[in-house]
Amino acid sequence: MKKALVLEGGALRGLFSAGVMDVMMEHGITFDGVVGVSAGAAFGSNYVSGQPGRAIRYNKRFAKEWRYCSIRSWLATGDLFGAEFAYHIVPSQLDIFDNEAFENSTTAFYLVCTDVETGKAVYKRCDKGGHDFYDWVRASASMPFVSRIVELEGHKMLDGGVADSIPLRFMEDEGYSRNVVVLTQPEGYQKQHNRLMPLLRISLRKYPEMVEALDKRHLMYNEQTAYVKKREAEGDAFVIRPDAPLPIGHTSHNPEEMQHVYDLGRKKAEQKIQEIEDFLEKG
C-alpha cells in the first residue's frame, strides 16, 4: 500500500505546510510519493531532498530583498516572485537545494501546473534536480497576472492551483491509497468567485480556456475540499488544517509574520504526530 503526502498551495500560507513537514521529517516519517501545487511544490521538494528548515530560512532571509518578491520585481521583470533570483540564484548559490539527495531519494515527487492553452492540469513527475526542475516549480507557482507564462516541454503554464488545487484524486489514481493531505485553509472554508476576473480576462485574453478555468476555480476548489473531507471520513486520508484563517497574505515582507505561520504548522503537526504515525502504520 503506497503512501503519499498531498500539499495544497496558497503562496506564503504554505509556510504552515512547511512547519508541518519539518516536524514530520524530524520524526522520520517517510512517504512513497509527494505531490505539491504552487507553494506546496516549492516547499514540498525539501521533503524529498531531506532539508527541514530550508523553506522558512530562505523566506525570512530574503523577505525584504526586492529581487525575491516585490512590486519592483514585477514591474522590472514581469514576475512578482523573481524568476531568476528566487528560482535559480537562491537554490543554486544562496540556500542550496540538495539536488543529489533529491535524485537519490526513493520518494517520487510530482507537481502540478496549468496549461494556459487548455486550462487543464499538467502533472509532472520530477526525478532530476537542477535548473529545469526549478523552472517546473516556478511554473507551478506562477500566479496569473503577476507572473509571466512559463514554457516547458511544449506547454505554456501558470499556477497549478487553477486546474487542480488539491491533487488527492491524482495521487489515488497513481496508486497511492494512504494519503496525508496538508491544507492551508481551515475546515469549512469556501472559496469565492475571483474578484480580479476583469483584470484576468484582459491579461489572459489570448487564452480563453485559462480564463474559463479561472472563472470556475472556486467551484472546482470547493468540490475538492468536499472530496477531501469525504475521504477523511472514510479513513483513507489524514487531513491537517489550520484551526483558523492563517494571518498572512499571498506575500509578506515580515519575517516575524512568516515565523508565526510556520510555527502554527509545527504546533499542529506536534499535536497530531502520533495520529499521523498511527494512520500510516495502519496502512
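The values are calculated or read from the model by the stated rules, or taken from the named source; none is laboratory data. For clarity, every value in this text was computed on a predicted model and none was experimentally measured. Neighbour counts are summed over all protein chains in view; Cβ atoms, including those assigned to glycine, are modelled from backbone coordinates with ideal geometry. Protein only, heavy atoms only, side chains kept; ligands, DNA and RNA dropped before computing areas. Shrake-Rupley method; radii C 1.70, N 1.55, O 1.52, S 1.80 Å.
Worth a mention:
- Among the residues of the stretch 188-213, those that are open to solvent by 80 Å² or more (accessible area, probe 1.4 Å) and assigned to a loop (DSSP other than H, G, I, E, B) comprise Gln190, Gln192, His193, Arg195, Leu196, Arg205, Lys206.
- One residue stands out among those in the stretch 122-137 that are without any contact (Cβ under 8 Å) to a residue 40 or more places away in the chain and of a type in the set (D, E, K, R): the one that is least open to solvent (accessible area, probe 1.4 Å), which is Lys124.
Let's see how each residue does on (1) of a type in the set (Asp, Glu); (2) modelled with pLDDT under 95; (3) surrounded by fewer than 21 Cβ atoms within 10 Å (Cβ to Cβ):
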position: Lys120; (1), (2), (3): no, no, yes
position: Ala139; (1), (2), (3): no, no, no
position: Glu151; (1), (2), (3): yes, no, yes
position: His155; (1), (2), (3): no, no, yes
position: Ala163; (1), (2), (3): no, no, no
position: Glu174; (1), (2), (3): yes, no, yes
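- Yes/no for Val6 being outside any helix (DSSP H, G or I), in contact (Cβ under 8 Å) with a residue 24 or more places away in the chain, in contact with a strand residue (DSSP E or B) (Cβ under 8 Å, 6 or more places away or on another chain) and of a type in the set (Val, Ile, Thr): yes
- Residue among Glu103, Glu84 that is open to solvent by 30 Å² or more (accessible area, probe 1.4 Å), assigned to a helix (DSSP H, G or I) and farther than 17 Å from Ala41 by Cβ: Glu84
- Within the stretch 227-255, tally of residues that are among the small types (Gly, Ala, Ser) and under 19 Å from Gln271 (Cβ atoms): 2
- When the stretch 235-260 is limited to residues that are closer than 20 Å to Phe31 by Cβ and in a loop (DSSP other than H, G, I, E, B), the one that is farthest from the chain's Cα centre (by Cα) turns out to be Gly235.
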